[in-house]
Amino acid sequence: MAAASDPGAPSEGSGPPVPRALAVVGFLGISDYGLGQLEVLASRYEVAFATAKKNAVAHATDLHQKLEDFCKSHGIPYLGSVDANSQSMVDRASRTDLVVIGGYDGILKKAFLSAPKHGVINTHLGLLPQNRGCCPTLWAQLHGRQQGYTTYLVGEAIDHGPIVDMFEVPGLGGLNNRQIYDALAQAAVQRFPAALERFAAGVALVPCRGLDVYHTKGMPNDGWLSFYWSNDFLILFSKALDFAPYLPGRTRLEEDGEAISLAVDSARPLDEDPSAEEAAVGEVLEADEARVLVRSRFGSLCCRQLTGPKVTKGALLRSGRPYEQSATSGPCRHPIPLDFDGQELPFERYLSVTGVQ
């Protein structure tokens with residue numbers, strides 16, 4: 001692992017360090033890394049309050065009881081799901097030296113951000129500002145960008161503020177999104193004590209500068225596969241969406257349109273699989289309990305079927321997002337062309353024009 005930047009280096013023009021005394025802290029939200037950070041905070045400071053996420057999400061369901069149990073065993077007031085921007089929460093934050101976000105899912109307003117004596121810090125599992133917004137590990141995979149995390153002092157712009165700690169984690173290629181997330185979360189918890197010590201010592205924070213890429217809420221292509229994409233991108237797309245308990249990608253049966261979920265594990269080009277040449281794109285070449293072999297535009301794909309009616313040899317799987325979904329759910333926020341043949345998704349369309357959003 002290698003550091004992407006040295007938060008210990010003072011910013012240009014900064015004076016001598018001014019310590020930030022920390023005695024009482026607050027904690028917002030829950031995540032795998034957030035629970036680890038809360039353990040660090042409880043071992044060093046008085047934790048005035050801890051909350052769950054504002055909204056329930058499937059991947060954090062098991063963590064809520066762990067959070068509540070931890071708070072009870074350590075005498076921490078547990079508030080459950082809250083609106084952090086409410087006046088009561090602003091008042092609570094005003095009686096702390098620092099609030100740490102450990103996976104909170106609401107956008108914090110100025111009143112809350114300015115309430116703690118030394119502000120609010122957050123850990124984002126992406127390198128800032130080149131990977132701001134939702135699902136940073138997913139988008140880093142699809143764009144072929146470096147994976148890492150950033151702990152920063154939260155400003156009014158989303159995922160943008162002076163950097164406390166930034167860390168690149170190499171060697172994660174080939175993993176699925178859940179595995180990458182877990183590796184980053186582990187690194188973030190391991191480095192959190194040192195980051196807190198630097199922050200408390202008054203070490204100057206690093207400005208958040210550089211290539212600015214921002215992703216809004218929503219899944220790429222709403223999670224729908226296209227068998228006209230390149231084989232490499234189909235595998236990458238499947239791994240990027242593979243985040244248990246969520247499913248890695250979906251398609252539909254041509255006959256009745258019923259959705260199924262497929263994990264694309266490997267591929268063979270046409271010159272290595274001549275039996276696929278006469279088949280239609282999306283046609284099931286083989287199907288058994290262990291795998292489904294599907295004809296793609298550039299060869300064949302070895303897949304695992306995870307949900308839906310069991311497909312059989314000769315069945316035809318549709319490509320792309322269903323047109324009727326636009327009528328019920330609106331346009332796709334992150335569409336991918338039906339015949340995209342690149343290996344990685346270009347990030348230029350996500351560049352932030354203003355630098356912050």
Original post:
Relative contact order of the chain: what whole-number percent is it, with Cα pairs under 8 angstrom and at least 6 residues apart?
Top reply: 17 percent
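If packing is taken as the average count of other Cβ atoms within 10 Å, what order do 265-277, 157-169, 283-295 fall into, highest mean first?
Values: 265-277: 13.6, 157-169: 20.9, 283-295: 17.4.
With the highest mean Cβ count within 10 Å placed first, the list reads 157-169, 283-295, 265-277.
Determine one quarter of the surface area of the Cα convex hull of the stretch 2-215, which equals its mean projected area, and express it in nm² to one decimal. Could you put the intermediate results ahead of the total?
Details: hull surface 44.6 nm².
The Cα convex hull of the stretch 2-215, projected and averaged over all directions, gives 11.1 nm².
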Subject >> Sites matching trypsin sites (Lys or Arg not before Pro) across the stretch 178-266 that sit in DSSP coil, with at most 16 neighbouring C-beta atoms within 10 Å >> reply: Arg209, Lys217
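About the Cα centre of the chain, how large is the charge dipole given +1 on each Lys and Arg Cβ and -1 on each Asp and Glu Cβ? Please answer in debye to the nearest 20.
Values: 32 positive and 41 negative charges, 269 e Å.
Taking the Cα centre of the chain as origin, the dipole is about 1280 debye.
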Original post:
Projected onto the charge dipole of the stretch 215-357 (+1 at Lys/Arg Cβ, -1 at Asp/Glu Cβ, origin at the Cα centre), which of Tyr323, Val311, Ala280 gives the Cα projection farthest towards the positive end?
Top reply: Tyr323
Original post:
Cα convex hull of the stretch 220-343: mean projected area in nm², to one decimal?
Top reply: 7.4 nm²
Original post:
For Ser88 and Val281 in one chain, what is 0.36 nm times their gap in residues minus the Cα-Cα distance, to one decimal in nm?
Top reply: 63.7 nm
**OP:** Scan the stretch 209-266 for GluC sites (Glu not before Pro) in coil per DSSP, keeping those whose Cβ has at most 12 other Cβ atoms within 10 Å, and list them by number.
**Re:** Glu255, Glu258
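Decide, for the stretch 150-292, between rounded, prolate and oblate: order the square roots of the alpha carbon gyration tensor eigenvalues as a ≥ b ≥ c, take rounded if a/c falls under 1.5, and otherwise choose prolate if a/b is larger than b/c, else oblate. Provide the component values of the computation, followed by the final result.
Values: a/c = 3.03, a/b = 2.64, b/c = 1.15.
It comes out prolate by the Cα gyration axes.
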**OP:** Only helical DSSP H runs with n ≥ 4 go in: add -39500 (n - 2.57) per run for the chain, normalise by residue count and round the 222 nm mean residue ellipticity to 500 deg cm²/dmol.
**Re:** -7500 deg cm²/dmol
Original post:
Which residues in the stretch 307-327 place their backbone N less than 15 Å from a point set 7 Å from the Cα of Glu255 along the Cα-to-Cβ direction?
Top reply: 308-318
Subject >> Volume of the Cα convex hull of the stretch 161-214, divided per residue and given in Å³ >> reply: 105 Å³
Original post:
For the chain, modelled as a Gaussian network with Cα springs under 10 Å, which listed residue fluctuates most, Gly119, Gly223, Gly308?
Top reply: Gly308
Original post:
Gly342's amide H: which non-local residues (gap 5+, or another chain) put their own amide H closer than 5 Å, with H modeled 1.01 Å from N in plane and none for Pro or chain starts?
Top reply: Ser230
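Which whole-number percentage describes the relative contact order of the stretch 234-304, with Cα contacts under 8 Å and a sequence gap of 6 or more? Provide the component values of the computation, followed by the final result.
Numbers: 122 pairs, mean separation 18.2, N = 71.
This gives 26 percent for the stretch 234-304.
Using 0.36 nm per residue of separation minus the Cα-Cα distance, give me the extension gain between Arg44 and Ala244 in nm, one decimal.
68.7 nm
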Subject >> Under 18 Å from the Thr216 label point (7 Å along Cα→beta-carbon), backbone N, the stretch 131-147 >> reply: 131-136, 139
Subject >> Listed pairs Lys72/Lys117; Lys53/Lys109; Lys54/Lys110; Lys66/Lys110 exceeding 24 Å between Cα atoms >> reply: Lys72/Lys117; Lys66/Lys110
Subject >> Full-stretch length increase - Ala194, Glu156 - with 0.36 nm per residue and alpha-carbon distance subtracted >> reply: 11.1 nm
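Between His64 and Ala21, take the C-beta separation as r, use R0 = 30 Å, and let me know the FRET efficiency to the nearest 0.05. Don't jump to the answer; show the numbers that get you there.
Working: r = 32 Å, r/R0 = 1.06.
Taking R0 as 30 Å, the efficiency between His64 and Ala21 is 0.40.
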**OP:** Scan around Gly133 for amide H atoms under 5 Å from its own, H built in the peptide plane at 1.01 Å from N, and keep only partners 5 or more places away or cross-chain.
**Re:** His215
Original post:
What residues have an amide H closer than 5 Å to that of Ala115, excluding those fewer than 5 places away on the same chain, when H is modeled at 1.01 Å from N in the peptide plane?
Top reply: none
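No value in this document is a laboratory result; all are computed from the given coordinates. The structure displayed is predicted, hence computed values, not measured ones. Glycine gets a Cβ as well: all are built from the backbone with ideal geometry, and neighbour counts include every protein chain shown.
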